[in-house]
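**Student:** Take this structure first; my questions come after.
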2 protein chains.
Amino acid sequence: MSATQIDAVTLDGAGPLYDQIRRAIRDLILAGTWPPGTSVPPEHALMEKLGASRMTVHRALAQLAREGLILRRRRSGTVVASPPASHAMLDILSIPEEVEELGQAYSYRILQRRDGKAPREVAARFELGRSANVTHLTLLHFADGAPHVLEDRVIHIATIPQIVDESFAQTPPGDWLLQNSLWTQAEHAISAIAAEPDEAELLKIEAGSPCLLVERRTWNQSEPITAVRLLYPGGRHRFVGRFGPYGAV
Amino acid sequence: MSATQIDAVTLDGAGPLYDQIRRAIRDLILAGTWPPGTSVPPEHALMEKLGASRMTVHRALAQLAREGLILRRRRSGTVVASPPASHAMLDILSIPEEVEELGQAYSYRILQRRDGKAPREVAARFELGRSANVTHLTLLHFADGAPHVLEDRVIHIATIPQIVDESFAQTPPGDWLLQNSLWTQAEHAISAIAAEPDEAELLKIEAGSPCLLVERRTWNQSEPITAVRLLYPGGRHRFVGRFGPYGAV
DNA sequence: AAGCTTCATTTGCATATGCAAATAAAAAAG
DNA sequence: CTTTTTTATTTGCATATGCAAATGAAGCTT
């Protein structure tokens, strides 16, 4: 446990002590200050640093563990957990994974890439100033060689500058972003639309046939990361989720 | 606090004590033994009945409160909470509410009702024996007089026998079921399909135009309650959800 | 009757203490 | 050098204790 780690934990004095501790650590994790794998100070250390009893520290950490933010093991200590890869209903965050779970071979092809100022309608998707620089990508994903989904994506360069040096030759942008950025907020919208002629041609379906449109935007603390539009040929796809009245099962 | 209430709480001896208590109470709530509004015995009473310390009982109850299953107030005590009405992304459980939230006037019309043995394809939707009796309903929901969604629903009579005496003249079946049954499991599937000619006519759209199809099935402890197929005209509807990497926001 | 005060109940929070379980690392044994 | 044993660290669980905060109910005042 390095001193830098524990010194980052500071309380704000608002509300119950155990909750201040919980929030302090949660925020360090969500802000990326403590990336996944970072070891969290042991209860004793936090206890001394914060002047709280062990039970109180324990209560905060136990709750974070229940929420899945940290992993705790006796003797080895506590580490920051990796965010769960997939997430119920609509969290097909990784298309390669989605395809491989269907037992099909995955491949993809980049159709177009442009870097520069965001055109008006693209900027609107993000509620972003038009002066912002973005990378605009169009690509097609295949399952067993057949078109699976058409992706149209905009990435906010200011949030992830290293994107300009990435060719996406090895990893499609969705997965690359999952590895190279941290997101704290996402929004999904799902709707049904008819395929435009150019889209239909790429997906090898009839123009006008029904497609499922998933639009997703992600942010890190109110700073936009990416907006993506995924067009799935209608009949071949369904999104399924299970849950109970009190939450996902 | 009546004796009947507290006597229902029994432990199974498996795992930590606080968790046995938590599960015991949770199960009473989920099974419907303690319906919403029932008052939960105070910590002192549980403490005596179960032979645990107050802190341990408190830990179990505090966790249930965080999960939203119970409501706690100082002095007035603890009561079983009502299940949350709507639920993130796809939990448009009540169509009247959905329409009214859009600021439109809601109405509906029953197109057809048949009671009897489930036809083969209907039974399949439920993974149900063909001998099971079901009520089969078709209805159309309107928003400001315009067709909003087409509903096709099957209800398992054995689970809710009182359905045979219900005309659904006042309340559409979805809402009636919410009030008259308890569900512990639901499954959603969402897909895009082209409207069949008869469906298109009812919804006043072009045959073949894209529609969003939501299929939902609900159970109470593995006993089927209902299966429903909701067909929304494509362009006019989208389902939106927000969440963070660790769960819904 | 309406408002105020007091009282009693119930939950919420924090501490101190002790022991148990898991297990990484060190020590001992072969 | 490898295997076994011991030790020490860290988390997990439960208890006992004390006080604080909220608030329903009862009693009191005017």
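Values in this text are rule-based calculations from the coordinates and carry no lab data. Values in this document were obtained by computation on a predicted structure and should not be read as measured data. Because the Cβ atoms are built from the backbone with ideal geometry, glycine has one as well, and the counts that use them run over all protein chains shown.
**Student:** Just checking the output field for A:206-213: average partner chain Cβ neighbours within 10 Å of each residue's Cβ?
**Tutor:** 5
**Student:** Just need the Rg to Rh number for region B:132-246, please, alpha carbons only, Kirkwood Rh.
**Tutor:** 1.00
**Student:** Other chains near B:215-224: what is the mean number of their Cβ atoms within 10 Å of each residue's Cβ?
**Tutor:** That average works out to 1.
**Student:** Taking every eigenvalue of the Cα gyration tensor of chain A, multiplying by 5 and rooting it, what semi-axes result, largest first, whole Å?
**Tutor:** Values: eigenvalues 326, 86, 54 Å².
Equivalent ellipsoid of chain A: 40, 21, 16 Å, largest first.
**Student:** Between copies, how far apart are the residue B:242 label points? List them in nm, one decimal, shortest first, with each point 7 Å from Cα toward Cβ, please?
**Tutor:** 3.0
**Student:** Provide a whole-number value for the mean count of partner chain Cβ atoms within 10 Å of the Cβ atoms in peptide B:229-239. Display every interim value, and only then the final one.
**Tutor:** Values: counts 0, 0, 1, 2, 1, 9, 4, 2, 3, 8, 6.
Counting Cβ atoms of other protein chains within 10 Å of each residue's Cβ and averaging gives 3.
**Student:** For chain B, return all DSSP H helices satisfying: extent of Cα atoms along own axis at least 24 Å; mean Kyte-Doolittle hydropathy at least 1.6.
**Tutor:** On the way: long enough: none.
Helices passing the filter in chain B: none found.
**Student:** Next question, about the same structure. Roughly how big is the protein assembly as shown's charge dipole about its Cα centre, with Cβ charges of +1 (Lys, Arg) and -1 (Asp, Glu), in debye to the nearest 20?
**Tutor:** Working: 52 positive and 58 negative charges, 358 e Å.
Roughly 1720 debye, rounded to the nearest 20.
**Student:** So, one more: I need the inter-copy label distances for residue B:79: point set 7 Å along Cα to C-beta, values in nm with one decimal, smallest first.
**Tutor:** Listed shortest first, these distances are 4.7 nm.
**Student:** Follow-up question, since we're still on this one. Distances from residue A:54 to the same residue in each other copy, label points 7 Å out along Cα→Cβ, in nm, shortest first?
**Tutor:** Copy-to-copy label distances for residue A:54: 2.4 nm.
**Student:** Further, regarding this structure: Once the other residues with Cβ under 12 Å from the Cβ of residue A:145 are scored (Lys, Arg +1; Asp, Glu -1), what is the net sum?
**Tutor:** On the way: positive: A:109, A:204; negative: A:144.
Here the count lands on +1.
**Student:** Report the net charge of residues surrounding residue A:6, where surrounding means a beta-carbon distance below 13 angstrom and charges are Lys +1, Arg +1, Asp -1, Glu -1.
**Tutor:** Taking every other residue near residue A:6 into account, the sum is -2.
**Student:** Residue separation times 0.36 nm, minus the C-alpha to C-alpha distance between residue A:76 and residue A:107: what's the value?
**Tutor:** Numbers: separation 31, 0.36 × 31 = 11.16 nm, distance 4.01 nm.
This chain segment gains 7.2 nm when fully extended.
**Student:** Let me see the P(r) profile for region B:1-82: every Cα-Cα distance counted, bins of 5 Å, each bin given as a percent of all pairs.
**Tutor:** Cα pair-distance distribution for region B:1-82, in percent: 3, 16, 30, 31, 16, 3, 0.
**Student:** For the protein assembly as shown, what number results from the quotient of the Cα radius of gyration and 2.2 N^0.38 Å? All intermediate terms of the calculation are to be shown ahead of the outcome.
**Tutor:** Details: Rg = 26.0 Å, N = 498, 2.2 N^0.38 = 23.3 Å.
Here the answer is 1.11, to two decimals.
**Student:** What net charge is computed for the residues neighbouring residue B:49, neighbours being all others with C-beta under 13 Å from the C-beta of residue B:49, Lys and Arg scored +1, Asp and Glu -1? If you can, show how the numbers build up before the last one.
**Tutor:** Details: positive: B:54; negative: B:7, B:43, B:48.
Taking every Cβ under 13 Å from that of residue B:49, the sum is -2.
**Student:** Would you work out which of B:197, B:81, B:185 lies farthest towards the positive end of the dipole of chain B, given +1 charges on the beta-carbon of Lys and Arg and -1 on that of Asp and Glu, about the Cα centre?
**Tutor:** Result: B:81.
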